[in-house]
1. Mind listing just one residue for me: the one in the stretch 197-218 that is β-branched (Val, Ile, Thr) and within 17 Å of the chain's Cα centre (by Cα) and, of those, nearest to residue 252 (Cα to Cα)?
2. Can you find a residue that is in a helix (DSSP H, G or I) and within 17 Å of residue 229 (Cβ to Cβ) anywhere in the stretch 91-103?
3. Do we find a residue being outside any loop (DSSP other than H, G, I, E, B), surrounded by 23 or more Cβ atoms within 10 Å (Cβ to Cβ), under 17 Å from the mean Cα position of the chain (by Cα) and not hydroxyl-bearing (Ser, Thr, Tyr) anywhere in the stretch 31-52?
4. Look at residue 170 and say whether it is surrounded by 18 or more Cβ atoms within 10 Å (Cβ to Cβ), at pLDDT below 95 and of a type outside the set (Ser, Thr, Tyr).
5. Exactly one condition in (1) loosely packed, with under 14 Cβ neighbours inside 10 Å; (2) closer than 25 Å to residue 90 by Cβ; (3) in contact with a strand residue (DSSP E or B) (Cβ under 9 Å, 6 or more places away or on another chain); (4) among the aliphatic types (A, V, I, L, M) is not met by residue 198; state its number.
6. Need at least 1 residues that are out of contact with any Gly (no Cβ under 6 Å at 6 or more places or on another chain) and under 24 Å from residue 50 (Cα atoms) per element, so show me which helices (runs of 4 or more DSSP H) inside the stretch 115-195 make the cut, counting only ones lying wholly within it.
7. So is residue 189 of a type outside the set (Asp, Glu), farther than 27 Å from residue 58 by Cβ and modelled with pLDDT of 95 or more or not?
Amino acid sequence: MEDRRWYWRPNFPGSEKYNFVDAAIAQGYSVLSYDRIGVGSSPKVNALTDAQFQVEVAVLEGLVNYAKTKGNASKIALVGHSYGSYISSAAATHTAIDGLVLTGFSGTFEFFPPFVAGAGLRVAKLQNPARWGRLDSGYLTISDLYAETYIYYAAPHFEHSVAEWSYNVASEPFAVGELPSLLATTIDYGEIKAPVLVLQGQFDVSACGGNCIGVVNGTTDIFTGAKVLEYVDNLPSGHNLNFHKVAPQAFQKIFNFLKAQGI
């Protein structure tokens, strides 16, 4: 699973129902989650020259190969969120996997502008020197809790305490080189052969502009080579699907899909 480890395994009081990793383990899966480069516990690299989409794809490909050759994994499914969904998709175009689950994703960049505008981006080291003072000036963060709530959440489908924890504890700056290098990359989704599930909160701002109904069905036009393609576009959630009240039901949809594919 790629994005931020806190997203997949939060640790605030009462976080059990939001914990995808523990839910997957309870279903019998082995799980590897990691922070992409520049995020969380991973090395802090130059935000412009090193934190590049292509590098992050290569890291995931290396982890998949390691799981196959050293971890003796019999089957591998990639589960990505947001930017991590694009990384997972790119890796799946030329790395053999058995399943692909994408959240915070619609296959189009059309709705990035309201996401970026609503974030009110700030230089992370200036915004919070105590947390991020050691980062270079190319790492950006969301301006405040209200911006975080606008771009990641959908009322009344979340607990305010969860959004506050997300902003104060789990939020991570992103590198300025990531989005331009993603936008400059052509991902050949038609080359993905594995079964694909696109699982979306209906009110996702960055993926769909705030209403995913009538948007996510466009994935049928890009995943033309997938053995199976299923999509869900109406979960009562914003972008951070795992941190909404519907999270347990969303997790079960993922597990049901994987099991239906023999994973």
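1. 198
2. Taking the stretch 91-103 as the starting set, the residues that turn out to be in a helix (DSSP H, G or I) are 91-92.
Still in the running and within 17 Å of residue 229 (Cβ to Cβ): 92.
Scanning the stretch 91-103, I find at least one residue that is in a helix (DSSP H, G or I) and within 17 Å of residue 229 (Cβ to Cβ), so the answer is yes.
3. No, the conditions are met nowhere in the stretch 31-52.
4. yes
5. It is condition (1) that residue 198 fails.
6. Qualifying helices (runs of 4 or more DSSP H): 124-127, 129-132, 178-183.
7. Details: of a type outside the set (Asp, Glu): yes; farther than 27 Å from residue 58 by Cβ: no; modelled with pLDDT of 95 or more: yes.
The answer is no for residue 189.
So that you can scan it fast, the table gives a plain yes or no per residue for (1) surrounded by fewer than 20 Cβ atoms within 10 Å (Cβ to Cβ); (2) farther than 30 Å from residue 77 by Cβ:
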site: 105; (1), (2): no, no
site: 139; (1), (2): no, yes
site: 143; (1), (2): yes, yes
site: 148; (1), (2): no, no
site: 166; (1), (2): no, no
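The values are calculated or read from the model by the stated rules, or taken from the named source; none is laboratory data. Since this is a predicted model, take the numbers as computed values, not measurements. Here the Cβ is made from the backbone with ideal geometry for all residues, glycine too, and neighbour counts use every protein chain on show.
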